[in-house]
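Colleague: Got a structure for you, questions after.
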Amino acid sequence: MRIKNTWISGLGIPLTSIFLGLLVGAIIMLLSGFDPISNYVNMFTGALGSANAIGEVLRSATPLMLTALGFAVANYAGFFNIGLAGQALVGWLASVAFANAFPGLPSILIIPGALIVAALAGAFWSGLAGYFRAYFGANEVITTIMLNYIALYATNAIVKAYMTVGDGDYSKMIPKAARLRTPFLEQLTQNSTFHYGIILSVLAVFFIAWLLKKTTLGFEIRAVGMSEDASRYAGMSPKRTIMASMLISGALCGLGGAMEGLGNFQNIIVNTALPSIGFDGMSVALLAAGSPIGILFAALLFGTLSIGGLNISIAATTPPEITSIVVASIIFFVGANYIIRYWFAKLRKPAKPTASTPVPPAATDTKEVHS
Amino acid sequence: MAEPAIKVTGLTKRFGDFVANDHLDLTINFGEVHALLGENGAGKTTMMNMLSGILIPTSGTIEVRGKAAHLQSAKDATALGIGMVHQHFMLVENFSVIDNIILGAEPTKGGKIDRTKAKKDIMALSEKYRLRIEPDAKIEDISVGMQQRVEILKVLYRQADILIFDEPTAVLTPQEIDELLDIMRQLASEGKAVVLISHKLAELRQVADVITIIRRGKKIDTVPASTSTAELADKMVGRHVNFARERVPMPEGAPVLEVKDLVVEDKDKVAHVRDLSLMLRGGEILGLAGIDGNGQSEFVKAITGLLPVTAGQILIGGKDLTHATPREVTEASVGHIPEDRQRFGLVMPMDLVENMSLQTYYKPPLSHHGVMDTKVMVQTTEQLLDDYDVRHANLQQKAGDLSGGNQQKLIIARELSRDPQLVIAMNPTRGLDVGAIEFIHAQLLKARAAGHAVLLISFELDEVRQLSDRIAVIHNGHIVGESATSDLTEQQIGLMMTGETLEHAKEATHEN
């Protein structure tokens, strides 16, 4: 399950995924008796047709960029982090708790403070899974899934026990100084929930791109992910590197959660399910084939789909369930882009060598071994 | 015996340009143990894989019981009564012994697996051939020797009467080996045909009726098992070769590598290196000769920090590096050309610049405070690719896209350009063409001429003899003998590789 970053996956594959997703969505709408064309027109005008819509799209993409980067960093080291949602949730909780604990602080202190606490909380949560994997060989897929549930129920318990107002299911709002949404931005985007967090997300995109490409740590992360044996030979420590990548991954997810806490919701609610920014972040990272810059665009696309999707059911009689199916089928093809990649590979080398020149088993394409 | 079990005529197998088997003729009779003797890569296993349907011959014919056979799969071979006991066991670890034996040939009763019948049949076989097993134990819980008996029963259960054993004793204890050889004799006396692939002369002479020697894919001879060990070694290793590698005389240097009583055990407490001691000086090449799997890779991994040392001591340049990490070893001025270049030596999906920087990326001039200087990396790489004549298309090329020879040249450029006091090269020319071999040999000799110590571990006896000042022979994780290259004949080395001591080897070769 490694992300491969070649030119073909750079653009051809994501676009094919999106097209196939829209196609399947259209077929489902036709079968259910709804008009796909008008619905898709509604979807795109709903996402891009007004300043408010654009603000909502950007707001929705903001945490996705962070969780997707989190997934990508861990994945480069060969770690399949499914715990994005849990790590984001503890980050969300930490940011709100910090902001509410120090209501008197000015913005210049309370916002960085809340962000740092959120990043640390997320890093701690992913670090647990990283530690178990690096030092005890525990499968990270299982540990991160389980840590997701622990995060969900523990967070809910903490919110109910210590943070709710009266017997409500949500905490009190964070102080004004900690809010990333401002009257100025609301004015600019016709009262959307757009907030300053997007600056952090975009900075994170470029920071992670730089980290992976230009730093020795990034080099180690990529080398360990591609060949643990060769990196050990080169004197790297796979354990330490896996830990480092997991801590970075969790910190990014924690920041993603803080975007919900300080920006979107401005408080924390008792969640009935894990926040969707976790699994959506994974899809974004897969669609972008791990490229940080690609994640920037893939997150915007996801924002467009989810905000535009809302408008289908508002503007037409199409029930919201249909909208969900359309969005889900696009995400499905994005997630299943391995299949599309496989088709692309087949198209490129259609004929097999004839039987007269058998290939020795030892000389089979070693490039594919690591994929 | 009227009909031969297997008759092979003109059997040829090519892998691209490489001829693994070149017009082999061979007759295997029922009631006989027929041994195939040859060095690594001589083509023994290739041939047997064709007989058991795993590989399809390029040309030539195989007759089984007098009838032409066209084996397309292992299933075809099983149907003809041919069964192979593989070198690496093909067992399902967490299945029971019984389940492993019946896997793919399960007896059924009303759609259900009839384990009662299976167990009865298997225990009957087990008793008949004295193949002791614990039928209900899981594979992962039984000894290697018993796992092998399970493999044999698997073959017998499928009613094979032509049994092929591929290097069966490699993983066994001496006692288990004796038991196995007895079983083979018994199988032959029952009228079955037994083929034994090995390069351990003593065993072959003990159990076989006839021995066929294969070298570089060609059949050299078929001789009776009474042939002397020396003669067999001679035929196996081959004719006199030209050692035209020039070694300039060097003064005796200071000790660079000292290994004292080294023991390396794996997780299961099996010792792969036992009380191994070696000393290597600057300005010399020490060749470590031996057959694959006698502890060479574990030895190299232990010195380079890739495997933990159980006991003993390793000094490099006088510094104790017994429990050092790979990086500490590298920093002690060691260049390591690893055994498996694609698995250890290179990160195959990374580009040439990154691979060239693999050992030095973390320090100046390639990086400062954790940030890499791409410009310097590119410059260094360009220079080294040029100096060491690594043929490449561009710097963004993946290491995996280079040819084998150029991959190895890249590694050699990276390791030798650091001017290491100790060069550890394991099978540095394995699978390479003549041109690349020349170049790599020249580089190793250059390191020697610069006063550095070179430890050359190779399965190729010719290579060891051509390059080394001294030769140590490793067998079963232990150095069985060590001498100046000029004092040893190929025969003697060949004998020592099969476990004979230096004295015995010398005696045996003086007989004739």
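Colleague: For the stretch A:195-212, check the following and say yes or no: at least one residue is among the polar types (S, T, N, Q) and either farther than 20 Å from A:Arg59 by Cα or without any contact (Cβ under 8 Å) to a residue 40 or more places away in the chain (or both). Walk me through how you get there before you give the answer.
Modeller: Applying the first criterion (among the polar types (S, T, N, Q)) to the stretch A:195-212 yields A:201.
Add one more test, that the residue is either farther than 20 Å from A:Arg59 by Cα or without any contact (Cβ under 8 Å) to a residue 40 or more places away in the chain (or both), and what stays is none.
Within the stretch A:195-212, none of the residues are among the polar types (S, T, N, Q) and either farther than 20 Å from A:Arg59 by Cα or without any contact (Cβ under 8 Å) to a residue 40 or more places away in the chain (or both).
Colleague: Related question: Might you check whether a residue that is touching a residue at least 12 places away in the same chain (Cβ under 8 Å) and facing chain A (nearest Cβ under 8 Å) occurs anywhere in the stretch B:376-389? Steps first, answer last, please.
Modeller: Going through the stretch B:376-389, the residues touching a residue at least 12 places away in the same chain (Cβ under 8 Å) turn out to be B:377-378, B:380-382, B:384-385, B:387-389.
In the following step, the residues that additionally are facing chain A (nearest Cβ under 8 Å) were identified as none.
No, that holds for no residue.
Colleague: Does B:Asp419 count as more than 30 Å from B:Thr229 (Cα to Cα) and surrounded by fewer than 17 Cβ atoms within 10 Å (Cβ to Cβ)?
Modeller: Yes.
Colleague: Consider B:Gln87 against the criteria (1) out of contact with any Asp or Glu (no Cβ under 7 Å at 6 or more places or on another chain); (2) assigned to a loop (DSSP other than H, G, I, E, B): it satisfies all of them except one. Which criterion is unmet?
Modeller: Among (1) out of contact with any Asp or Glu (no Cβ under 7 Å at 6 or more places or on another chain); (2) assigned to a loop (DSSP other than H, G, I, E, B), B:Gln87 violates only (1).
Colleague: A further question on this structure: Considering only the stretch B:11-40, state which residues are within 14 Å of another protein chain (Cβ to nearest Cβ), over 10 Å from B:Lys219 (Cβ atoms) and either buried (at least 24 other Cβ atoms within 10 Å of the Cβ) or free of Cβ contacts under 8 Å to residues at least 60 places away in the same chain (or both).
Modeller: Passing the criteria: B:Thr12, B:Lys13, B:Arg14, B:Phe15, B:Gly16, B:Asp17, B:Phe18.
Colleague: So which of A:Thr143, A:Thr182 ends up being surrounded by 14 or more Cβ atoms within 10 Å (Cβ to Cβ) and at pLDDT below 90?
Modeller: Residue meeting the stated conditions: A:Thr182.
Colleague: Further, regarding this structure: Of everything in the stretch B:165-210 that's among the acidic types (Asp, Glu) and assigned to a loop (DSSP other than H, G, I, E, B), which residue is modelled with the highest pLDDT? I'd like the intermediate steps shown before the answer.
Modeller: Here is the first cut: in the stretch B:165-210, the ones among the acidic types (Asp, Glu) are B:166-167, B:176, B:178-179, B:182, B:190, B:203, B:209.
Going one step further and asking which of them are assigned to a loop (DSSP other than H, G, I, E, B), we end up with B:167, B:190, B:209.
On the way: B:Glu167: 79, B:Glu190: 89, B:Asp209: 92.
Per the stated criteria, the residue is B:Asp209.
Colleague: Next question, about the same structure. Inside the stretch A:122-158, can you point out the residues that are under 20 Å from A:Ala258 (Cα atoms) and small (Gly, Ala, Ser)?
Modeller: If the condition is that a residue be under 20 Å from A:Ala258 (Cα atoms) and small (Gly, Ala, Ser), then A:Gly122, A:Ala123, A:Ser126, A:Gly127, A:Ala151, A:Ala154, A:Ala157 are the ones that fit.
Colleague: Only residues that are part of a helix (DSSP H, G or I) and surrounded by fewer than 19 Cβ atoms within 10 Å (Cβ to Cβ): list them for the stretch B:377-401, please.
Modeller: Passing the criteria: B:Val378, B:Gln379, B:Glu382, B:Gln383, B:Asp386, B:Asp387, B:Asp401.
Colleague: For the stretch B:50-68, name all the residues that are buried (at least 20 other Cβ atoms within 10 Å of the Cβ) and under 14 Å from B:Ile6 (Cβ atoms).
Modeller: Answer for the stretch B:50-68, where residues must be buried (at least 20 other Cβ atoms within 10 Å of the Cβ) and under 14 Å from B:Ile6 (Cβ atoms): B:Met50, B:Leu51, B:Ser52, B:Gly53, B:Pro57, B:Ile62, B:Val64.
Colleague: Scan the stretch B:3-60 for residues that are touching a helix residue (DSSP H, G or I) at 6+ places or on another chain (Cβ under 9 Å), over 19 Å from B:Ile213 (Cβ atoms) and among the polar types (S, T, N, Q) and jot them down.
Modeller: Passing the criteria: only B:Ser52.
Colleague: Okay, next question. Testing A:Ile268 on (1) surrounded by 24 or more Cβ atoms within 10 Å (Cβ to Cβ); (2) under 16 Å from the mean Cα position of the chain (by Cα); (3) at pLDDT 85 or above, one condition comes back false. Which one is that?
Modeller: (2)
Colleague: Can you go through A:Gly218, A:Gly197, A:Gly168 and tell me which one is small (Gly, Ala, Ser), within 14 Å of chain B (Cβ to nearest Cβ) and either in contact with a helix residue (DSSP H, G or I) (Cβ under 7 Å, 6 or more places away or on another chain) or surrounded by fewer than 16 Cβ atoms within 10 Å (Cβ to Cβ) (or both)?
Modeller: Among A:Gly218, A:Gly197, A:Gly168, only A:Gly218 is small (Gly, Ala, Ser), within 14 Å of chain B (Cβ to nearest Cβ) and either in contact with a helix residue (DSSP H, G or I) (Cβ under 7 Å, 6 or more places away or on another chain) or surrounded by fewer than 16 Cβ atoms within 10 Å (Cβ to Cβ) (or both).
Colleague: Quick test for you: out of B:Val347, B:Val353, pick the one residue that is outside any helix (DSSP H, G or I) and among the aliphatic types (A, V, I, L, M).
Modeller: B:Val347
Colleague: Take A:Gly113 and tell me if it is of a type in the set (Gly, Ala, Ser), surrounded by 16 or more Cβ atoms within 10 Å (Cβ to Cβ) and free of Cβ contacts under 8 Å to residues at least 60 places away in the same chain.
Modeller: Criteria met by A:Gly113.
Colleague: Any residue in the stretch A:46-64 that is out of contact with any Ser or Thr (no Cβ under 9 Å at 6 or more places or on another chain), of a type in the set (A, V, I, L, M) and buried (at least 24 other Cβ atoms within 10 Å of the Cβ)?
Modeller: No - not one qualifying residue is present in the stretch A:46-64.
Colleague: Identify all residues within the stretch A:221-241 that are closer than 10 Å to A:Tyr76 by Cα, more than 8 Å from chain B (Cβ to nearest Cβ) and either out of contact with any Gly (no Cβ under 7 Å at 6 or more places or on another chain) or among the charged types (D, E, K, R) (or both); write none if there are none.
Modeller: A:Ile221
Colleague: Still on this model: List the strands (runs of 3 or more DSSP E) that sit entirely inside the stretch B:402-512 and contain at least 2 residues that are outside the structural domain of B:Asn355 (by TED's automatic domain parsing) and modelled with pLDDT of 95 or more.
Modeller: none
Colleague: Could you please give the count of residues in the stretch A:77-96 that are assigned to a helix (DSSP H, G or I) and surrounded by fewer than 24 Cβ atoms within 10 Å (Cβ to Cβ)?
Modeller: 0
The values are calculated or read from the model by the stated rules, or taken from the named source; none is laboratory data. Note that the coordinates shown come from a computational prediction; the quantities given were computed from them, not determined experimentally. All Cβ positions, glycine included, derive from the backbone under ideal geometry; neighbour counts span all protein chains shown.
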